[in-house]
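J.: Let me give you the structure first, and then I'll get to my questions.
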Amino acid sequence: MNRRIVYILFAVIVVVVIGLGWFALISPTRQDVATTNSSITAERDKLATTQAQLRQAEETSKEGRQNQARLLELTKMVPNGDEIPSLLLQIQDLANESGISFMSITPSDLIQVNDYQILPLQVQFEGRFFDLSDFVYRAEQMVAGPGRLLAIKTLGLVPNSTDASSSGSVASSPTLKVSMVLYAFEMNPSIKKSAAAATTPSAQPSTTATTAAGSTATTAAPTSQ
């Protein structure tokens, strides 16, 4: 056989072996690699989506805690009830910090205003003008504490006659007799009760039928589907 033909046959055999090896080994491996890369990409996408959802959940939880804290502050500003003892204690603290002495604090009847109600407080005390000014400022700013939401409705000032009679002349900063009406705001309990009643299912009506023997039988009305 010619040597040239032998070389050609050998080259053909090598090419066939390489082709078979390619289709038998390398091509499936490349497909497996491509499939693995696709899986990795899909898992990375899932991971990115999960991380985004986690960040959103953390932000929602943070907003929830902030809203809860804000709700507690609003409850202190406008409570669900009178809470007169704590209110009087807060007003007394304002008086002590302002340097004035109270004579009397008298709650009046509640004033209903839509979803909230107002508790008027008739307040009378004695103090100097600058002490009164400090008390008014503290009362209006108490809500920033946070504390009760207060508003001054009326204010009456009368000079104390005992200062002039005791000294014989008007003092530079005379003592004043102050008559004041403070408004303390609170939620209307009837609004909360009516909302709770609206969510409570009503009792099903019953019907009574008389049998032929004269006995009665009570059956519940069918509920709507």
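The values are calculated or read from the model by the stated rules, or taken from the named source; none is laboratory data. Predicted model, so just to flag it, every value in this text is computed and none were measured. No Cβ is skipped: glycine too gets one built from the backbone with ideal geometry, and neighbour counts run over all protein chains shown.
Residues checked against (1) closer than 30 Å to Val123 by Cβ; (2) loosely packed, with under 10 Cβ neighbours inside 10 Å; (3) not hydrophobic (A, V, I, L, M, F, W, C):
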| residue | (1), (2), (3) |
| --- | --- |
| Val33 | no, no, no |
| Asp45 | no, no, yes |
| Ala52 | no, no, no |
| Val78 | yes, no, no |
| Glu83 | yes, no, yes |
| Gln90 | yes, no, yes |
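J.: If you take the residues of region 93-114 that are without any contact (Cβ under 8 Å) to a residue 12 or more places away in the chain and in a helix (DSSP H, G or I), which of them is surrounded by the fewest Cβ atoms within 10 Å (Cβ to Cβ)?
T.: Ranking the candidates gives Asn96 first.
J.: Quick one: Val78 ticks every box in (1) at pLDDT below 90; (2) closer than 20 Å to Thr154 by Cβ; (3) hydrophobic (A, V, I, L, M, F, W, C) bar one, so which box is it?
T.: (2) is the only condition that Val78 fails.
J.: Next question. Give all pairs with beta carbons closer than 7 Å in which a residue from region 115-136 that is in the same structural domain as Ser101 (by TED's automatic domain parsing) meets a residue that is acidic (Asp, Glu) and surrounded by 14 or more Cβ atoms within 10 Å (Cβ to Cβ); count only pairs at least 6 apart in sequence or on separate chains.
T.: Matching pairs, first to second residue: Tyr116/Glu186; Gln117/Glu186; Leu119/Asp82; Leu119/Glu186.
J.: Take region 118-143 and flag every residue that is over 37 Å from the mean Cα position of the chain (by Cα) and in a helix (DSSP H, G or I).
T.: Residues satisfying the conditions are Phe129, Phe130.
Yes/no per residue for (1) of a type in the set (A, V, I, L, M, F, W, C); (2) at pLDDT 85 or above:
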site	(1), (2)
Asn37	no, no
Arg44	no, yes
Gln90	no, yes
Ala95	yes, yes
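J.: Here's something else I'd like to know. Evaluate the following for Thr162: is it among the hydroxyl-bearing types (Ser, Thr, Tyr) and at pLDDT 85 or above?
T.: Details: among the hydroxyl-bearing types (Ser, Thr, Tyr): yes; at pLDDT 85 or above: no.
Judged against the criteria, Thr162 is not a match.
Quick grid of which residues meet (1) of a type in the set (Gly, Ala, Ser); (2) within 30 Å of Ser104 (Cα to Cα); (3) in contact with a Pro (Cβ under 7 Å, 6 or more places away or on another chain); (4) assigned to a helix (DSSP H, G or I):
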| position | (1), (2), (3), (4) |
| --- | --- |
| Thr49 | no, no, no, yes |
| Leu54 | no, no, no, yes |
| Lys62 | no, no, no, yes |
| Gln68 | no, no, no, yes |
| Leu74 | no, yes, no, yes |
| Pro79 | no, yes, no, no |
| Leu87 | no, yes, no, yes |
